[in-house]
1. Please list, in order along the range 166-179, the HN-Hα scalar couplings obtained from phi with the Karplus expression 6.51 cos²θ - 1.76 cosθ + 1.60 (θ = phi - 60°), rounded to whole Hz, x for Gly and Pro.
2. Apply the Karplus curve 6.51 cos²θ - 1.76 cosθ + 1.60, θ = phi - 60°, to the phi angles in the range 780-786 and return the couplings in whole Hz, x for Gly and Pro.
3. DSSP loop trypsin sites (Lys or Arg not before Pro) in the range 212-259 with at most 16 other Cβ atoms within 10 Å of their Cβ, which ones?
4. Residue 535 to residue 111: FRET efficiency via 1/(1 + (r/R0)^6), r the Cβ-Cβ distance, R0 51 Å, to the nearest 0.05?
5. For the range 27-144, what value does the Rg/Rh ratio take when both radii are computed over Cα atoms and Rh is the Kirkwood radius, given to two decimals?
6. Take the alpha carbon atoms of the range 513-553, find their center, do the same for the range 117-133, and report the distance between the two centers in whole angstrom.
7. Using Cα centres only, tell me the gap between the range 436-499 and the range 385-402 in whole Å.
8. Over every pair of different alpha-carbon atoms in the range 991-1060, take the mean of 1/r and invert it; report that Kirkwood radius in Å.
Amino acid sequence: MNHLRVLRATLCWAVLGMAGLGCVAAVADADRVNEIMFLVGDGRLNEALEQAHLLMTQEPEDVRGYYYFTWVLAKLDRLAWGERYFLEKLKRDPDNAYYLFALGTIYRIQTDYPRAIEFLEDAIARRPRQDMFFDIYLLAVDVTGEHQRALNFLLGLHRLDPDNCYLTSSIAELHYYLDDYNGFLRWEEIARAQNPEILATSILTIMRYQMEGRDDKAMALARQRADAAGRAGRLRDQAYYLLHVGNLHLYANEYEQCRAVADEAFGLCAIIGDEELKRYLERLYADYYAQLGDHLLAQEHYRNVLRHAEGIKHLRRQADIHALLGVMSERMGNLQGALDAYNQALVLSVKAQQRSSQVLALKKLADLKHRLYEYDDAEAFYQQALRMTQEMSDPFSETVLESDLGLLDQTRKQHEAAMEHFRKSLEIADRMHLQYQKGVVLECMGWSLFKMDRRAEAYTYVENARRLFADIREDGAVADCDWVIGHFLYKQDQFGEAMKQFEKVLAAARRLNSRAFEVGTLRAMGACSRKLGRTAEAIDHYQRALDYLEEIENSLLNYKERISFGEDLFSNYESLIAIHEELYRRHGRAQDMAEAFRLSEKAKARNLSSAIAQTRLLQHLAGVSPERNTEFLLLSRKLEDRHKLYTDLVRAGVADTDVRLLSVRSEIGLLERQRGEFLDRLSRENPRFFELLTPGFVSLDELRRRLPARMAAVEFFVGELDTYYWLIRKDGVRFGTLKLTRDQLEALLRDVSFNLFSPRKVDTDGNFLRNQRWAGIRTKGMHELCRRLSSPWAEHLAGIDRLLIIPDHMLHYLPFEMLVDRWSQEGEIRFWLDRFAVSYLPYAGMINTFPTGPPPDARLRNVLLLGNPDFLRPDTASASGAAAPVSLPWSEAETRDIYRLIPRSQLFLKGEATEKNFKANAGAFRVLHPSTHSYLDDRQPFYSRLVFASAGGVGGEDDGALYTYEIFNMKLDANLVVLSGCETGLGKLSRGEGIVGLNRAFTYAGAASLVMSLWPVGDRSTAKLMTEFYRQMWEGAPKSEALRAAKLAVARDPQSRDPFFWAPFILQGDPGPVPFRRDGWPRGAGWLLAVSAVLLLALGFWAWRARAR
């Protein structure tokens, strides 16, 4: 979409802000003013100062002399002298409005805005009909954001002088600044009736025409006023009118005329030496280059404008420029740069309390979140922006945001809801004569109609949009319509015609320098080539698209955004895997099977591999670089403080769409980016060390060689159209498809899940209430799921007793041990638990993280246990202040039994089972076992949490809630983390990343393996399972076999034989044994030895007495 049209309202700000300065030469005799400007432009500043002083002394009632005197003083860097000069004057004549004005102007230049406003208000109160007083005053007010206060002040004066046109136009301008567009239109009409000729009123009228979609009238008026100013010799007025003409040419895509007008205005600027005007022209040149696709040059100009805005402390202008820099970064494929810029824009606009700038930042953030597949975030940002727009009565922004919400629903395949948003947007666009927006909505409606199988209507809508775009010379939008038509042809199996269409679009994308557009077209061409049987060509198209997307992902430094972006990459991996599977099936070449496996691994391991390496590097950071260690700790503390502020706001009941909450999230995004930059820099500073610590990828042959003789690995890749598997054994590999689409697999898993959980046949103690009919239904469903998932390869599991499952997509939610491979109506049931010890990995390369080197630090103790915390406060249960969690008496029994079993352990119970004790001790143990409640936030997985006893205040260091983002910042050396609470293995499912929640946080923090649950668990059965699990591990069993033995022990109990009780716990990571310290006596052994010694002594004494007799 043409970003200038989206940002039209923000571009008007600059013109309003400078309109006043154009009035300085509005007096008929402009010769003396022009002479001063010529001298300044020629660099003869002392002569210019003399002329300004002469004008000031000869015409003490002419405000221009005072303005230019201070202006030239600023160029000579003599403002301090000027301040003393006018203060002395003011002592002798305290009611002189011109001295007050001069001092206010000096303070504004010095960015002392409160004092500037104070002096300028005094000046206006004494001389309310001096136009320049209002101009400088509004410039100062605009920087501070005190528009409402200024409006109240001017309205008070207006009641005394209602016919003052300068006062009226200033009130209209303030209504615009306050985003009160109805008020702006009302006061603009009054100002135009009073005096339509002055610059301020003319600019307001031009803006009104633009808001009403009457660009032709706006252009005519701006051109007329520029010509009149030129004839009258008012060079500054002429330059500012030309600036507005240039902007209007740019809106109309008349680039040559825009450049010519901008150059003319710049020539005038060189003559008059106006630095402020140069900044506004630089903004115009930046917009011009942005439209031509020269994004680097556009960025350079925007940054110059930003530096000026930062110099004068203009927050709202900084926010707007950050938004535009974000647009440029996004167009260049730098999504991290775009995200940072939009976050910064939102933070600044909230500080400036400027709603239109907030709307712009919210919209751009929402667009990017939409692109990153973070749909909930995108909807929150769009909805907040729409609400603010409706409150401001801004129809242009409203129509854009309605269509954005429609596009979001369209992405979610909710086409009826999307059409409702599009109709609202189209109605506003028609009313406001917004041709471009109308074309956008028609194209979007065509897409939804096609998906709703109303194809004839769809073609009509898109063709109408294409004609409209062609009429207004929107080449990019025309190409977009061509792409949609190509997609329609592809869906109708007209692959040759679709290919021609996409080739035309690819040429346009390259001409427009739009890499994002290019990659979408390459993917479409890859699909067409594949259908046309041109396999090599299809691979080339997909690979080029994949290279570009990986380049974008690598630029993202925020881990959360990298996870989300994986959605965009995944379809490319799927397409390439499908092609190589087809080639393998056709030719049987091992390299095709290996390449498909490499692509599957790359899809899953892109981010986790480097994240694990960075974590290991952080664990050694204090030794590698103490300075970097301190820097990281400070950054982590800042990030944690922002996270805590966010949770405090949520606890206080602040709505998800509240701009305060969204602003804090933006600040968190900026800090996450800084954290990513830090880790990236750390990796570059220690390249060899980092490379040694990186798990990396594992090839198919390498994985096969590393597997033990009786272990097999099964990797899955779930695509939209099929599910792929690799069965890897020491003696060979099998590769193929399961003939299961993603939707079919989800339906199968939903059926099993419904039968497992829906009829809650569990009492308050978690005891299974037997129901044979229900159990039969569930068992049959698990048998069917087992058949569909394993029938192509299950017969090749002979001689295997250990399985390493590498799941994908919804399979992350399935404990494979509960699959039934033998079932009959007579009651014969065999679970996979009976045959295999199963462990899981997020991706096969994690096998490189399994401990193979020297034993762990001997100082590490065995098990850290926390059980049955005292849940004293309800707000630890939920960020929204839900009811407090219930106590866990069986958790206490569980942890006491484990504590008695494993020596060199530590146990915290009840009031001592605090977050503080967990954090303080976690780094000193080989096994961590917090037996407590967990709470899942699947929308914001970084706010999922474990709940402990609370010893601190809300949001404090020990508030009883250990959030995912806090775990990410911990440094662990644990071989195993056991999360025995309910649903601890759940989180947000991300394509190519698996489940992101507590599990990912502990892996990132350094845990080699985790035991976690996939659904709510029973207290009694869990306590029994955990105690047996630890007993098996203490006796030397590998973790996977120990967990299997514990599950079998629970399953033998008639009260807990149902999979509901034993199946939820899975082991992710290293399946090998825990290297417990065994240099201490078993717990209780001391008392046993003491008693034995006493008995021996007594026996010896008795024997001695017997012999003595």
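No value in this document is a laboratory result; all are computed from the given coordinates. Everything numeric in this text was worked out from a predicted model, so none of it was measured. Because the Cβ atoms are built from the backbone with ideal geometry, glycine has one as well, and the counts that use them run over all protein chains shown.
1. So the J values, rounded to whole Hz, are 5, 5, 5, 5, 5, 5, 4, 4, 5, 4, 5, 4, 7, 6.
2. 5, x, 5, 5, 5, 4, 4
3. Values: sites: 214, 217, 223, 225, 231, 234, 236, 259; in loops: 214, 234.
Passing sites in the range 212-259 are 214.
4. The pair residue 535/residue 111 has a calculated efficiency of 0.20.
5. Values: Rg = 13.5 Å, Rh = 14.2 Å.
Result: Rg/Rh = 0.95.
6. Cα centroid of the range 513-553 versus Cα centroid of the range 117-133: 63 Å apart.
7. So the two Cα centres are separated by 26 Å.
8. Working: mean 1/r = 0.0735 Å⁻¹.
One decimal place: 13.6 Å for the Kirkwood radius.
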